[in-house]
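Colleague: The structure under discussion is supplied below as structure tokens; questions concerning it will follow.
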Amino acid sequence: MLKMFSKLQTVALILISKGFLFFSSGESNFGKKEIKIEGDLVLGGLFPVHEKGSATEDCGRVNEDRGIQRLEAMLFAIDEINRDTYLLPGVKLGVHILDTCSRDTYALEQSLEFVRASLTKVDETEYICPDGSYAIQDNNPLVIAGVVGGSYSSVSIQVANLLRLFQIPQISYASTSAKLSDKSRYDYFARTVPPDFYQAKAMAEILQFFNWTYVSTIASEGDYGETGIEAFEHEARLRNICIATSEKVGRSTTKKSYDGVIQELLHKANAKIVVLFTRGDDARELLAAASRLNVSGFTWIASDGWGAQEIVVKGNEQVANGAITLELASYPIKQFDKYFQSLHPHTNKRNPWFKAFWQQKFQCALQSSRSRQKLCDRRLSINNSNYEQETKIMFVVNAVYSMAQALHRMQRILCPNTTRLCDAIMPLDGKKLYKEYLIKINFSAPFRPLGDMDSEVKFDGNGDGIGRYNVFNFQKVAGKYTYIKVGQWAKSLTLTTALIHWPKHHIPTSQCSDPCARNEIKNMQPGDVCCWICVPCDPYAFLEDEFTCKDCGPGRWPNEDLTGCYDLPEEYIRWGDAWAVGPITISCAGIVTTLMIATIFVKHNNTPLIKASGRELCYILLFGVFFSYCMTFFFIAKPSPAICTLRRLGLGTSFAVCYSALLTKTNRIARIFNGVKEGAQRPRFISPSSQVFICLSLISVQIIIVSVWLILEAPGTRRYTVPEKRETVILKCNVKDSSMLMSLTYDVVLVTLCTVYAFKTRKCPENFNEAKFIGFTMYTTCIIWLAFLPIFYVTSSDYRVQTTTMCISVSLSGFVVLGCLFAPKVHIIVFQPQKNVTTHRLTMNRFSVSGTVTSHSHSSASAHYVPTVCNGREILDSTTSSL
């Protein structure tokens, strides 16, 4: 008695907390309708025969698919089981089916019918009639072995809280809330469908597949919508998908409220994808609101609350076009189609709601009334309507068969000697039925298509069904809107994108920020993984990932798709470049000129003019000029260790050859005019061999300097990149510009000394006027070098200009020597041969000159001394001396 009192107390608390009495106002509107079919064992049934009503009514219009079809599916399954000679062959199953009106509170009230037998159960042996017989309790409520239902998760949760108090097993065919997997709270609940977190995962994978990272969500108030969207948001976060806005539609939401939800979505213009975890009627109202507001820019991703129902999109097909919906993977039961299509209101007497369904379906009246509605044609049948089997019919049938299989196994074990019920099984122990039989069943689904091997009916440890979903795309085909299966989900997503039709013929985008360009990275905003600012990478960087630019490094450049780097081709002056043609042309002209002069000198080698010019030093000087012209080819050639060696060795050495010869000349002249005392004593080391030795000694100093330099800094090449022009890699010799110029320091010393000596001997006349031409040569050379050095440094960023400047400067130095020193001699030799004779100036006094003595070029050159004045000093000239 104490236990019974505790149950009554619990039920009373449930009723009070929900704010209604045992008899609700809904009954007065619709009357107390139920289906009762007696049997040895009775199964309860809960179905949303009616949609939820308005604020003043519990129930709305008849729910044609989810209500009537599912209810008839249970009756169909019961009929099949009762006809089965194997499954419960000696036991008849009865039913007690109630309408939930799609409301959890109304469903809870209705479900009290299932526990009334336990609440009102009395021990009949305590009451004895006057004749000695036991009293018989009138109008006994049916004892429920188990309950099939409800449909909505909120309904199942409320009912499960009630049924667990009386240890009545419950199997749902459509409730998918993750909360129902909690066996500590719902320990008598099972379902033939999977929990919503599988569906949430499938929806998140669809968003990830299409790279939709910024979406809005709408959930129905209650356990189905709220827990479902919570599971989805968890899966979305794991995939870096952001929620722009989360909206909720309540149990009694008005049209104005639905409009407000759509308007809230419009505030997040970049969130083009809207995820719906709503009941079917809420989804329908949302589409209607979008249609009223003329909003067609959203793509809907909907849970199985929308599924593949025609009633959800009816009248709002254009707004729903392109939607992707999920539905539990199922197959149609052909036997049920035949059964349901045979039903008629004049023959279907056991379903008290079937007449209302028929009148709503065909928009007619079965009996004449004052309304203007036409009478129903008796020849009408379900075949005359656009009938399609509701997608969860299979799960209803599997739920009924699961209960029957559990009862069958329990009866076989507890009553092994009979096919009927025995005392061992009655009264039925709901706890044992659920814990030892129902939760452990595993059988092939009835009415499965031939060849379908993936149709087991079983439950996991939480009483949940297997998670498999079909993915549909709502699209227009041949002028008619319909649902097309485009994929499936079973642990992972499989989509056939070619079957999906988008309203604007391309995959919509749904991102907080526009995609970055190919050369940009995402600079994420604090606290938001979906909104970013696009920041361009440097031209020389590649994309390590979408958030990081990485420098390719010197000499490398990103490939076209910025996924990596490649070595840049080396640049250097090629023979056909415009930068090479000019210096080469000048150099070739210089070489030809040098060879012509050398040829003339060789041909007139023994003439007085050539002798007086110092033949040996002239030839050395011509070689140095020739060498300097050749340097252009070394500077134009592709850098290599050999070429680099020749550049470093040749540049300074070619100058050293030229200026050593000139220095030896000017030094000899200076020593002759400055070092000879009166009396005309001949200076030392002015013979040709001495001059050559001195010149070679001066050249060898430069060669030693360059050799040491080559040892200390080995020649080679390097890839050089100018910081301001990273896209260019220059192949250069492995030597600094400063080192190259420092190697010319010795040449600068030679040039300086030559210039000093040339200046000191500038007034020497006639044969000695060569000193004057040497002076012109050195002055011009100094000007060239003074102009060359700053140009060389300023143009260091452009190797073409720098190389061209170097080549032209070297060639100009050669032309200065040829023009100032050799051109006058060649002119005399070629055009004025009569002047190619020996000339002496005789001294009349210390500072003047008088008289001239001339001899022909072929006269004998006997050794005799003639006094001459230079710079105010009397000197001696020897016509046999080679100056």
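FYI, it's all coordinate maths here, none of it is from the lab. Bear in mind that the values here come from a model prediction, so they are computed numbers and not experimental data. Methodologically, a virtual Cβ is constructed for each residue, glycine included, from the backbone with ideal geometry; neighbour enumeration extends over all protein chains shown.
Colleague: 5 Å is the cut-off here: which amide hydrogens, built 1.01 Å from N in the peptide plane, fall below it relative to Leu380, excluding neighbours closer than 5 in sequence?
Modeller: none
Colleague: Check which residues have an amide H placed less than 5 Å from Val486's amide H, if you skip close sequence neighbours.
Modeller: Amide H to amide H, under 5 Å and 5 or more residues apart or across chains, Val486 pairs with Val471, Phe472, Asn473.
Colleague: For segment 207-233 and segment 301-373, compute the distance between their C-alpha centroids and round to whole Å.
Modeller: For segment 207-233 versus segment 301-373, the Cα centre distance is 27 Å.
Colleague: Further, regarding this structure: So what's the back-of-envelope 222 nm ellipticity for the chain, counting only DSSP H runs of four-plus at -39500 (n - 2.57) apiece and dividing by all residues, rounded to 500?
Modeller: Working: 24 runs with 354 residues, N = 883.
Dividing the helical sum by the residues of the chain leaves -13000 deg cm²/dmol.
Colleague: Over the chain, what is the relative contact order in percent, taking alpha-carbon pairs closer than 8 angstrom and at least six residues apart?
Modeller: 9
Colleague: OK, next. Give me the percent of DSSP beta bridges within the chain that run antiparallel, rounded to the nearest 5.
Modeller: Once the DSSP bridges in the chain are tallied, antiparallel ones form about 60 percent.
Colleague: With a 10 Å radius around each residue's Cβ, average the other Cβ atoms per peptide and rank 84-93, 36-45, highest first. Working shown, then result.
Modeller: Values: 84-93: 15.1, 36-45: 20.3.
Per-residue mean Cβ counts within 10 Å order the peptides as 36-45, 84-93.
Colleague: Using the Kyte-Doolittle scale, which helices in the chain average at least -0.5 and also have C-alpha atoms spread 30 Å or more along the helix axis, with helices defined as whole DSSP H runs?
Modeller: 393-414, 578-603, 615-636, 641-675, 688-712, 770-794
Colleague: Between the alpha-carbon centers of segment 550-581 and segment 413-463, tell me the distance in whole angstrom.
Modeller: 76
Colleague: Now, a different point. Extension gain Tyr86-Lys835, at 0.36 nm per residue separation less the Cα-Cα distance, in nm?
Modeller: Here the answer is 255.3 nm.
Colleague: Continuing with the same structure: What value in Å³ per residue do you get for the convex hull of the alpha-carbon atoms in segment 520-567? Intermediate values should be presented prior to the final figure.
Modeller: Working: hull volume 3.1 nm³, N = 48.
Value for segment 520-567: 66 Å³ per residue.
Colleague: Let me ask you something else. Taking every alpha carbon pair in the chain, what does the distance histogram look like in 20 angstrom bins from 0, in percent?
Modeller: 12, 27, 14, 9, 11, 12, 9, 4, 0, 0
Colleague: Continuing with this model, one more query. Please state the shape class of segment 684-794: rounded when a/c is under 1.5, otherwise prolate if a/b exceeds b/c and oblate if not, all from the C-alpha gyration tensor.
Modeller: It comes out oblate by the Cα gyration axes.
Colleague: Name the long-range amide H neighbours of His50: under 5 Å, sequence gap of 5 or more, or other chain; modelled H, no Pro or chain starts.
Modeller: Asn63, Thr100, Cys101, Ser102
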